[in-house]
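**Student:** Could you have a look at this structure, given as structure tokens, before my questions?
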Amino acid sequence: MKSIPERIEAIVRQALIHLLGPDGAEVDPLVRQTQDPKFGDYQSNVAMGLAKRLGKKPRDVAAELVAAMDVGELSEPPSIAGPGFINFRIRPSFLAAELEAIQADPRLGMPQVADPQRIIVDFSSPNLAKEMHVGHLRSTIIGDAIARLLEFEGHDVLRLNHVGDWGTQFGMLIQHVRETQPDVLEHPERFHIDDLESFYREAKARFDADSEFADAARRAVVDLQSGDPVARRLWEVFCTESLRHAHEIYERLGIRLVDRGESFYNPMLPQVVAEFQERGLAVEAEGAVCVFLPGFTNREGGPLPLIIRKSDGGYNYETTDLAALRHRVDVEKAQRVIYITDIRQRQHFEMCFAAARAIGWVPDDVQLDHVGFGMVLGPDRRPFKTREGGTVKLKDLLDEAVSRAAAVIDAEDERRSEMSPEEKAEIARVVGLGAVKYADLSHNLTSDYVFDWDTMLAMDGNTAPYMLYAYARVRSIGRRAGVEFDSLPADLPLVLEHESEIALAKELLRFSHVLQQVSADLRPHLLTDYLYGLSRAFSTFYDRDRGVRVIDAEPESVRLSRLRLCDLTARTLRLGLHLLGIEVLEQM
Ligand code: ARG
């Protein structure tokens, strides 16, 4: 089904073709939501730019366009305002017909894409040497939300965990495993790290303090790289354990990921460098192999190299990402690859993308995106740390989210005194994890944000608790009205009369358009903003003073129509939150 703005675009385009001939099809109709409902629901700003081109007054162009328009049942006759805005007010009867058409649709009007793509989303991707910490939160949550939406649209998505499982730090970890747990080689299943973070710290401290250990660690790196079976075995044992930790977190967050770490691309690295050299795209400078790409300069304005082999002969992050790109296009047949990392890695990706295109590994029709996000800050607006100044482990953060949610819920409402401890614990789990995800997703991607428990757990405002509460409340209306929403007939005629009812209907109908925008721009906060706006429109609708009666509305046809609006609100909230990776509660 076409969304309303798409239909208006088509109407304006028709008028443009009428005015300009076939050229009119090329002009962007510039359809936007109006800022002020006084002027209607949507506006087209096309007349202003066109006027210049045609040497006419914008208002005259607008008038000509309006005269050529056929809005059918969609809106009242368009009006012209200000310098030449064309305003559209959607007819309630049209809104009702649109909603009637999607009332039985589990996708709520959201079409499947006509041309599904094979898309790789590379997200989370922690370095295995350390335990997952707050720095991995955003990539994990944002990546999952983006993957969910693309999957929902009908794309074939491969979720890849490009973990950092290779590099010099593994030498020191292997050596530390070998010395602290000597029976690991015979009994790898006995290997266990309760605390990866301190394991890493211990190894690092020894590495810095004890030259004998440091030498052994360096030898372990060489052993590992040359395929020595013992070093290899210990490395595997370590990575397996570290990945197990990571997957405990993913499972808790309801996130699926396929592990394919940097080491997977190891055998391909020499070939990467060789081909760049053979093709004359790489040069040696001070012993390193460098690719110089047009448009990339350093601070002094000089050319900035992409180093693909270090002067010590080792390969790096760049080499691995080039090998990965090639593999993803060639073997995985990706038509699009999306990387979700900290914004500070932008240049790394831009350079890798440019290099991979220059050598022809990524053809023009394969789209590459880097989604860069801002930092998570503490209350002091500095990178978020524990009170003692250490890194905040993701596991601890999630535990705290759930226990804080439990405290908020206990303090906030008496009604739950009848709930069992299990029921309360489940509410705390969903609210706590939902709060962390929602807070992250509701911020503009590229801005840093302050991680603040009180804000994210507030019952009021653009938060998970508010949204979950809104959902549970809508669901409870059905129960109080004695109606199973699901068993309402699929072809209920809808009656939209009251202002608040019309406003709610308009919000409901924006859903599929918002999803399309989120997927086009890869900006999940557009969806949280929308869901928040929807629940506010619902609050007004359900308010006895500002809105309408629902449970005791008369006649029955109106009551049923309003219950259907409740049902559509609940389903939209549930599906929207689901696409963000947030569970809902039937009772809260
Ligand atoms: N392991 C990297 C880090 O922790 C992120 C990897 C992102 N993916 C990639 N293909 N480079 O910063």
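**Student:** Based on Cβ point charges of +1 for Lys and Arg and -1 for Asp and Glu, what charge dipole magnitude is obtained for the chain about its Cα centre, in debye rounded to the nearest 20?
**Tutor:** 1280
**Student:** Tell me which lysines have Cα within less than 29 Å of Lys130's Cα, excluding those fewer than 8 residues away on the same chain?
**Tutor:** Lys204, Lys310, Lys385, Lys393, Lys395, Lys437
**Student:** When a/c reaches 1.5 or more, the comparison of a/b and b/c decides; with that in mind, is the chain rounded, prolate or oblate per its Cα gyration tensor?
**Tutor:** oblate
**Student:** Continuing with the same structure: In what sequence, highest mean first, do 515-522, 134-141 appear when ranked by Cβ atoms within 10 angstrom?
**Tutor:** So the peptides 515-522, 134-141, ranked by packing, come out 134-141, 515-522.
**Student:** Also: Taking region 276-347, which GluC sites (Glu not before Pro) meet the DSSP loop condition and have no more than 12 other C-beta atoms within 10 Å?
**Tutor:** Loop-located and lightly packed - Glu286, Glu300.
**Student:** Relative contact order of region 492-588, please, whole-number percent, based on alpha carbon pairs below 8 angstrom and at least 6 residues apart.
**Tutor:** Across region 492-588, relative contact order equals 34 percent.
**Student:** Calculate the length of the line joining the C-alpha centroid of region 188-219 to that of region 466-484, in whole Å.
**Tutor:** Answer, in whole Å: 54.
**Student:** Could you pull out every one of the lysines with an alpha carbon less than 27 Å from that of Lys38, ignoring same-chain neighbours closer than 8 positions?
**Tutor:** Result set, ordered by chain and number: Lys2, Lys57, Lys506.
**Student:** Quick one: Karplus J couplings for region 203-217, per residue in order, coefficients 6.51, -1.76, 1.60, θ = phi - 60°, nearest Hz, x for Gly and Pro?
**Tutor:** 4, 5, 4, 5, 4, 6, 9, 10, 5, 5, 4, 4, 5, 4, 5
**Student:** Same structure, new question: Among rounded, prolate and oblate, which fits region 135-278 when a ≥ b ≥ c are the square roots of the eigenvalues of its C-alpha gyration tensor, a/c under 1.5 means rounded, and a/b larger than b/c means prolate?
**Tutor:** It comes out oblate by the Cα gyration axes.
**Student:** Whose amide H sits under 5 Å from the amide H of Leu158, counting only residues 5 or more places off or on another chain, with H placed in the peptide plane?
**Tutor:** Those qualifying (amide H under 5 Å, at least 5 residues apart or on another chain) are Ile119, Ile120, Val121.
**Student:** Specify whether the C-alpha gyration tensor of region 256-307 places it in the rounded, prolate or oblate class, a ≥ b ≥ c being the square roots of the eigenvalues: rounded for a/c under 1.5, otherwise prolate if a/b is larger than b/c and oblate if not.
**Tutor:** Here region 256-307 falls in the oblate category.
**Student:** Let me ask something else. In whole Hz, with x marking every Gly and Pro, tabulate ³J(HN,Hα) for region 435-447 from phi via Karplus 6.51 cos²θ - 1.76 cosθ + 1.60, θ = phi - 60°.
**Tutor:** Result, ordered by residue: 5, 5, 5, 5, 4, 5, 6, 7, 8, 3, 3, 7, 7 Hz.
**Student:** Which of the trypsin sites (Lys or Arg not before Pro) found in region 499-538 are in a DSSP loop and have at most 15 neighbouring Cβ atoms, other than their own, within 10 Å?
**Tutor:** none
**Student:** Thinking of region 1-86 as a set of Cα atoms, what percent of all their pairs are more than 20 Å apart?
**Tutor:** Cα-Cα pairs in region 1-86 separated by more than 20 Å: 25 percent.
**Student:** Another question about this same structure. Got a sec? Charge dipole of the chain, +1 on Cβ for Lys and Arg, -1 for Asp and Glu; which of Val31, Leu579, Gly227 is way out at the positive end?
**Tutor:** Looking along the dipole axis, the top candidate is Val31.
**Student:** What's the magnitude of the charge dipole for region 470-588 around its Cα centre, counting Lys and Arg as +1 and Asp and Glu as -1 at the beta-carbon? Answer in Debye, nearest 20.
**Tutor:** For region 470-588, the charge dipole is close to 220 debye.
**Student:** Taking the dipole about the Cα centre of the chain, with the C-beta of Lys and Arg at +1 and of Asp and Glu at -1, give me whichever of Val237, Ala104, Tyr469 is farthest to the positive side.
**Tutor:** It is Ala104, whose Cα lies furthest towards the positive end.
**Student:** Here is a further query. Please report the net charge: other residues with Cβ closer than 9 Å to the Cβ of Leu492, K and R +1, D and E -1.
**Tutor:** Net local charge, Leu492 excluded: -1.
**Student:** Additional query: For the chain, what relative contact order do you get, as a whole percent, if you take Cα pairs closer than 8 Å and at least 6 residues apart? If you can, show how the numbers build up before the last one.
**Tutor:** Details: 905 pairs, mean separation 84.3, N = 588.
With pairs under 8 Å counted, the relative contact order is 14 percent.
**Student:** Of Ser420, Pro77, Ala285, which is farthest along the charge dipole of the chain in the positive direction, counting Lys and Arg as +1 and Asp and Glu as -1 at C-beta?
**Tutor:** Pro77
**Student:** Packing-wise, with mean Cβ within 10 Å as the measure, how do 62-71, 27-36 rank, highest first?
**Tutor:** Final packing ranking: 62-71, 27-36.
**Student:** Moving on. Could you go through region 4-12 in sequence order and give the Karplus-derived ³J(HN,Hα) for each residue, using 6.51 cos²θ - 1.76 cosθ + 1.60 with θ = phi - 60°, rounded to whole Hz, and x for Gly and Pro?
**Tutor:** 4, x, 5, 5, 5, 4, 4, 5, 5
**Student:** Which whole-angstrom value gives the distance between the alpha carbon centres of region 21-95 and region 140-185?
**Tutor:** Taking the Cα centre of each part, region 21-95 and region 140-185 sit 51 Å apart.
**Student:** Oh, and also: So what is the relative contact order of region 45-187, in percent, for Cα pairs below 8 Å that sit 6 or more residues apart?
**Tutor:** Values: 152 pairs, mean separation 25.2, N = 143.
Averaging sequence separation for qualifying contacts and normalising by length gives 18 percent for region 45-187.
**Student:** Give me the percent of DSSP beta bridges within the chain that run antiparallel, rounded to the nearest 5.
**Tutor:** Of all bridge pairs located within the chain, approximately 50 percent are antiparallel.
**Student:** Quickly estimate the mean residue ellipticity at 222 nm for the chain, helices only: each DSSP H run with n ≥ 4 gives -39500 (n - 2.57), and the total goes over all residues, rounded to 500. Intermediate results must be reported in sequence, preceding the final value.
**Tutor:** Numbers: 19 runs with 296 residues, N = 588.
When only DSSP H runs of four or more count, the value is -16500 deg cm²/dmol.
**Student:** List the residues whose amide H sits under 5 Å from the amide H of Gln367, counting only those 5 or more places along or on another chain, with H placed 1.01 Å from N in the peptide plane.
**Tutor:** Here Arg336, Val337 satisfy the definition.
**Student:** Now for a separate question. Starting from a Cα-only point model with no solvent, please compute log10 I(q)/I(0) by Debye for region 340-422 at q = 0.14, 0.17, 0.24 1/Å.
**Tutor:** -0.75, -0.86, -1.14
**Student:** Same structure, new question: What whole number of Å gives the distance from the Cα centroid of region 524-588 to the Cα centroid of region 290-306?
**Tutor:** Value for the Cα centre distance between the two parts: 53 Å.
Only the coordinates and a few stated rules stand behind these numbers; no lab work does. Note that the structure is a prediction, hence the values are computed from the model and not measured. When we count neighbours, we look across all protein chains shown, and the Cβ atoms used for this are built from the backbone with ideal geometry, even at glycine.
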